[in-house]
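Data first, discussion second: the structure below is written as structure tokens.
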Amino acid sequence: MQYIKSVSLASFFLLVLVQGQAQPSFQANYDESKVPPYTLPELLKTTTNREVRDKETWEKVRRPEIITLFEENVYGQMPKAYDRLTYSIKNKNTSAMGGKATLKEVVIEVVRNSKSLKINLVLFVPNQQTGPVPVFLLINNRGKDNTDPTRSHKSDFWPAETVIDSGYAIAAIHVSDLAPDDTVNYVNGVLQLYPDQLTANDGMRAIGAWAWGASRALDYFEKDAAIDARKVVVVGHSRGGKASLWAAAEDQRFAMCVTNCSGNTGAALSRRGFGETVSRINTVFPHWFATNYKKFNNKVAELPLDQHMLIAAIAPRPLYATNATKDLWADPRGTFLSLKQAEIVYALYGIKSNLPANPPVVNHAIVRAPLGYHIREGEHNLTAFDWINFVKFASVYFKR
Ligand code: GTR
């Protein structure tokens with residue numbers, strides 16, 4: 001009883017749901033022949049049925065419509081106003097990584113209506129560079145030790161040394177500063193600044209808060225002379241990859257997006273119902289998306305959008321998506337198809353996609369394409385192989 005009292009009623013029922021009946025009764029479909037027939041909402045037709053034939057109409061009408069559809073139905077509003085953003089350098093070491101890099105541990109403070117939020121940013125900048133450098137910014141959804149500023153703990157989840165050796169800066173923020181990843185405490189972060197969001201059916205939730213935080217890191221990069229703020233790559237893995245997509249769609253200052261194994265409500269098409277489903281994600285992670293999204297739990301065909309539209313909203317900026325062979329939960333085929341669907345929007349900009357008709361063979365990275373992709377051998381994870389290809393992809397577009 002003690003334990004029950006210490007968790008809220010809502011999370012208690014969720015616990016029952018997850019540990020009790022709901023979870024075991026969920027049978028993910030992994031059979032391609034059982035993917036239902038589906039019709040995707042058209043990218044190049046406005047809600048008033050107007051054909052979109054040029055990038056002007058795309059930018060002025062259709063793209064804003066798509067962003068609004070995602071705000072209202074999936075990720076919630078993205079409040080942009082704040083009263084003040086300041087930063088302080090908590091720690092600086094110009095001879096980090098044996099002299100190869102400068103470490104900055106930055107505290108970004110955002111104030112709104114006298115509420116304050118502090119975001120910790122870890123940043124390494126290569127020393128052997130003459131001008132401002134592009135940066136990879138990871139939205140870290142795993143342990144903080146993955147982005148250890150002291151480098152006594154090293155991890156392929158954020159292989160800072162490799163990225164520095166390639167001439168790029170690398171940075172990370174942690175989701176717990178923005179919205180702790182649990183059903184109760186997610187309110188203790190960005191949402192303290194925007195309490196109205198909590199009562200709105202299209203209010204921001206955790207994934208929106210993480211994406212919001214990535215934009216605040218970008219606000220900081222704009223003030224750091226060592227960083228080329230026009231070349232910021234927002235990176236996320238899995239739930240973090242859902243947030244990196246949303247961040248890049250919402251904030252066009254991001255030059256590039258990497259979404260690693262992001263699956264359902266990330267890069268994969270929801271209507272395929274392959275692996276994780278909308279209903280399952282909303283049940284197990286009720287704090288991730290807007291309340292309105294739950295209306296579609298067993299009615300994905302009624303969604304006025306699908307995830308190819310989120311990819312398209314990032315066009316014409318380059319986007320790299322990945323999958324892993326042992327991660328069918330994230331629907332690799334549905335991810336690739338989502339990218340394929342978005343090609344027509346890149347075409348509006350005269351950008352030819354070089355994606356093949358079918359997913360490439362395992363471990364073959366398509367880096368010379370505005371929509372880059374690989375399916376790696378192995379588990380659901382963010383690995384050295386993934387990062388090496390992000391760097392190659394960025395180097396094609398940033399011409400480095
Ligand atoms: C899973 C969830 C996925 C993905 C993953 C992760 O449990 O169903 O959508 O976000 O967690 O973040 O590793």
Exercise for the section: Quick one: accessible surface of Val184, probe radius 1.4 Å, all protein chains present, in square angstrom to the nearest 10. Expected result: 60 Å²
Problem - Cα-Cα pairs of segment 62-122 separated by more than 18 Å (percent) - result: 59 percent
Exercise for the section: Please report, in debye to the nearest 20, how large the charge dipole of the chain is about its Cα centre when each Lys and Arg carries +1 at its beta carbon and each Asp and Glu carries -1 there. Expected result: 420 debye
Handout entry: Accessible carbon and sulfur surface of the chain relative to its total accessible area, %, 1.4 Å
Key = 51 percent
Exercise for the section: Could you provide, to the nearest whole Å², the per residue accessible area of the chain with probe 1.4 Å? Expected result: 41 Å²
Handout entry: Positive-end extreme of charge dipole, the chain - chosen from Ala247, Pro332, Ser95 (charges on Cβ)
Key = Ser95
Fill in the blank from the handout: For the chain, the charge dipole (Cβ of Lys, Arg +1; Cβ of Asp, Glu -1; about the Cα centre) points to a positive end, and the Cα of Pro126, His287, Ala312 closest to that extreme belongs to Pro126
Completion exercise
Log10 I(q)/I(0) at q = 0.10, 0.11, 0.15 Å⁻¹ for segment 89-242, from Debye over equal alpha-carbon scatterers, is -0.35, -0.42, -0.76
Handout entry: Spin-label model distance (nm) - Lys60 vs Ser152, 7 Å beyond Cα toward Cβ
Key = 6.0 nm
Exercise for the section: Quote to one decimal, in nm, the extra length available between Val284 and Lys299 on full extension: 0.36 nm per residue of separation minus the C-alpha distance between them. Expected result: 3.7 nm
Completion exercise
Within the set Gln27, Gln341, Gln192, GNM on the chain using Cα springs under 10 Å gives the largest fluctuation to Gln27
Exercise for the section: Order the following by accessible area, largest value first: Lys45, Lys242, Lys392, Lys352. Probe radius 1.4 Å; ligands, DNA and RNA are ignored. Expected result: Lys352, Lys392, Lys45, Lys242
Problem - Val361 accessible area, 1.4 Å probe, all protein chains in place, Å² to nearest 10 - result: 110 Å²
Handout entry: Hz values of 3J(HN,Hα) by residue in segment 134-150 - Karplus curve (6.51, -1.76, 1.60), Gly and Pro given as x
Key = x, 9, 9, 10, 8, 8, 7, 9, 10, x, 5, 5, 5, 10, 4, x, 7
Practice task
Rank Arg205, Arg63, Arg230 by mean-square fluctuation in a GNM of the chain with C-alpha springs under 10 angstrom and give only the top-ranked residue.
Solution key: Arg230
Fill in the blank from the handout: Under a 1.4 Å probe, counting only protein heavy atoms, Ser152 has an accessible area in Å², nearest 10, of 100 Å²
Completion exercise
Largest-first ranking of Ser114, Ser238 by accessible area, probe 1.4 Å, whole protein assembly kept, is Ser114, Ser238
Practice task
Just need log10 I(q)/I(0) for the chain at q = 0.10, 0.11, 0.12, 0.14 Å⁻¹, Debye formula, equal scatterers on the alpha-carbon atoms, no solvent, rounded to two decimals.
Solution key: -0.64, -0.78, -0.94, -1.29
Problem - Helix-only [θ]222 nm of the chain, DSSP H runs n ≥ 4, -39500 (n - 2.57) each, per residue, nearest 500 - result: -8000 deg cm²/dmol
Practice task
Please report, in debye to the nearest 20, how large the charge dipole of segment 160-229 is about its Cα centre when each Lys and Arg carries +1 at its beta carbon and each Asp and Glu carries -1 there.
Solution key: 200 debye
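The values are calculated or read from the model by the stated rules, or taken from the named source; none is laboratory data. Since the model is a prediction, treat every value here as computed from it, not as a measurement. Note that we place each Cβ from the backbone using ideal geometry, even for glycine, and neighbour counts take in every protein chain shown. Calculation scope for accessible area: heavy atoms of the full protein, side chains included, ligands and nucleic acids excluded. Shrake-Rupley method; radii C 1.70, N 1.55, O 1.52, S 1.80 Å.
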